[in-house]
Amino acid sequence: MKYAGSNEAAAQRVKRNIARAKGSIRKKEYLKAIKEAKLAFEARPDCNGLYGQQRVEIDFMLEDFCNTFSANKGILELLDRFRIRHKPFIAYNRGAVTEIVTKLDILSTRLADHLAEGEKRLQAQHERDKKYWITKGRHCLQRGELPLGRSHLRRAAEEFGNEQGVLTEIAEMLLEKDLLSDAAELLAQARELFPSDQRAYTLGVRAHMTQAEWDKAEEIYLQALKVFGNHAITLLNLARLYMKWNKRDKAWEYARMALEKNPNLEEAQEIMNKAG
């Protein structure tokens, strides 16, 4: 025996999910609409204890949805794609709710598979495009066609730079051909997007050190210390930088910090002796 409260709750589930399904259809979110509609129809048998206006209202909403769904242009295109010829696809009848649920379930599965396959094709094309532009840029650099190679790699960076490792890979190619400013710019973007990419720090320092841009290299080292912690080698590298920059006080201090972290770093002691 069902209680009035359970019937009322089921009715609310029907109304809520039908309203959501209609909204999803308007947005052309068909898979979502089908799943929401399925929930509504599954709740219909639990409304059998309702009578009068409430029951009429529930059945009207479900029938109206069936008519709207079966006549929707986007749904009809999907049905045609899947070679589902039965029309209308769903027709409301209180005694056929299970059949409607089954049809919606089948369509949901077919559509989900279709969307997954489409996404798989898009991803494969995406990877092909990325490989094409990076490879094309690399080959141009190897042939000495630096402006063209730079252009191709710039395009790859713009289109795929939001993916882990891409900017760093491109920047390393540019560094090898002494395109230092371009490499430094991309590496700065890489550090901003992917703060844990250690290679972006190492290569960034290299790009700036090669140009004697001590202040920019210092900034990267200090950023690395904040992100990764006070590692002995990073502290030692910073001490080396300060020696080249002729900032002996700072060189001595960071060499001392490196030696505290790792007493076996003979170079840190040497820097302290030279800077002291």
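Residue-by-condition table, conditions (1) in a helix (DSSP H, G or I); (2) within 30 Å of the chain's Cα centre (by Cα); (3) closer than 21 Å to residue 95 by Cβ:
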position	(1), (2), (3)
8	yes, no, no
25	yes, yes, no
43	yes, no, yes
50	no, no, yes
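Within region 145-169, residues that are within 16 Å of residue 127 (Cα to Cα) and open to solvent by 70 Å² or more (accessible area, probe 1.4 Å) sit with their Cβ atoms under 9 Å from residues that are among the charged types (D, E, K, R) and not in a helix (DSSP H, G or I), at 6+ positions apart or across chains, in these pairs: 164/197. Using the structure shown, decide if residue 80 is surrounded by 13 or more Cβ atoms within 10 Å (Cβ to Cβ) and without any contact (Cβ under 8 Å) to a residue 60 or more places away in the chain. In short, no.
Here is the figure for region 30-57: residues that are more than 26 Å from residue 75 (Cα to Cα) and open to solvent by less than 40 Å² (accessible area, probe 1.4 Å) total 3.
Open to solvent by less than 20 Å² (accessible area, probe 1.4 Å), under 28 Å from residue 6 (Cβ atoms) and part of a loop (DSSP other than H, G, I, E, B): does that describe residue 100? No, not satisfied.
Would a scan of region 118-137 turn up a residue that is exposed (fewer than 14 other Cβ atoms within 10 Å of the Cβ) and more than 29 Å from residue 194 (Cβ to Cβ)? Within region 118-137 (the criterion being exposed (fewer than 14 other Cβ atoms within 10 Å of the Cβ) and more than 29 Å from residue 194 (Cβ to Cβ)), the answer is no, since none of the residues qualifies.
Inspect all residues belonging to region 212-219 and state whether any of them is closer than 16 Å to residue 271 by Cβ, without any contact (Cβ under 8 Å) to a residue 24 or more places away in the chain and either open to solvent by less than 50 Å² (accessible area, probe 1.4 Å) or not in a helix (DSSP H, G or I) (or both). Break it down into steps so the answer makes sense when it comes.
At the first step, the residues of region 212-219 found to be closer than 16 Å to residue 271 by Cβ are 214, 218.
With the extra rule that they be without any contact (Cβ under 8 Å) to a residue 24 or more places away in the chain, the set shrinks to none.
Scanning region 212-219 turns up no residue that is closer than 16 Å to residue 271 by Cβ, without any contact (Cβ under 8 Å) to a residue 24 or more places away in the chain and either open to solvent by less than 50 Å² (accessible area, probe 1.4 Å) or not in a helix (DSSP H, G or I) (or both).
The single condition among (1) touching a helix residue (DSSP H, G or I) at 6+ places or on another chain (Cβ under 8 Å); (2) open to solvent by 30 Å² or more (accessible area, probe 1.4 Å); (3) assigned to a helix (DSSP H, G or I) that residue 195 does not meet is (3). Could you identify the single residue in 60, 69, 65 that is among the aromatic types (Phe, Trp, Tyr), closer than 17 Å to residue 96 by Cα and surrounded by fewer than 15 Cβ atoms within 10 Å (Cβ to Cβ)? The conditions single out 60. Of the conditions (1) touching a residue at least 24 places away in the same chain (Cβ under 8 Å); (2) open to solvent by less than 40 Å² (accessible area, probe 1.4 Å); (3) within 26 Å of residue 26 (Cα to Cα); (4) not in a helix (DSSP H, G or I), residue 89 clears all except one; give me its number. Here residue 89 meets the rest and fails (1).
Within region 17-29, can one find any residue that is over 30 Å from residue 118 (Cβ atoms) and open to solvent by less than 60 Å² (accessible area, probe 1.4 Å)? Taking every residue of region 17-29 in turn, none turns out to be over 30 Å from residue 118 (Cβ atoms) and open to solvent by less than 60 Å² (accessible area, probe 1.4 Å).
The values are calculated or read from the model by the stated rules, or taken from the named source; none is laboratory data. Only a predicted model underlies this, so the values are computations on that prediction, with no experimental measurement involved. Virtual Cβ from ideal backbone geometry, glycine too; neighbours counted across all protein chains shown. Surface accessibility is based on the protein's heavy atoms, side chains included, excluding ligands, DNA and RNA. Shrake-Rupley method; radii C 1.70, N 1.55, O 1.52, S 1.80 Å.
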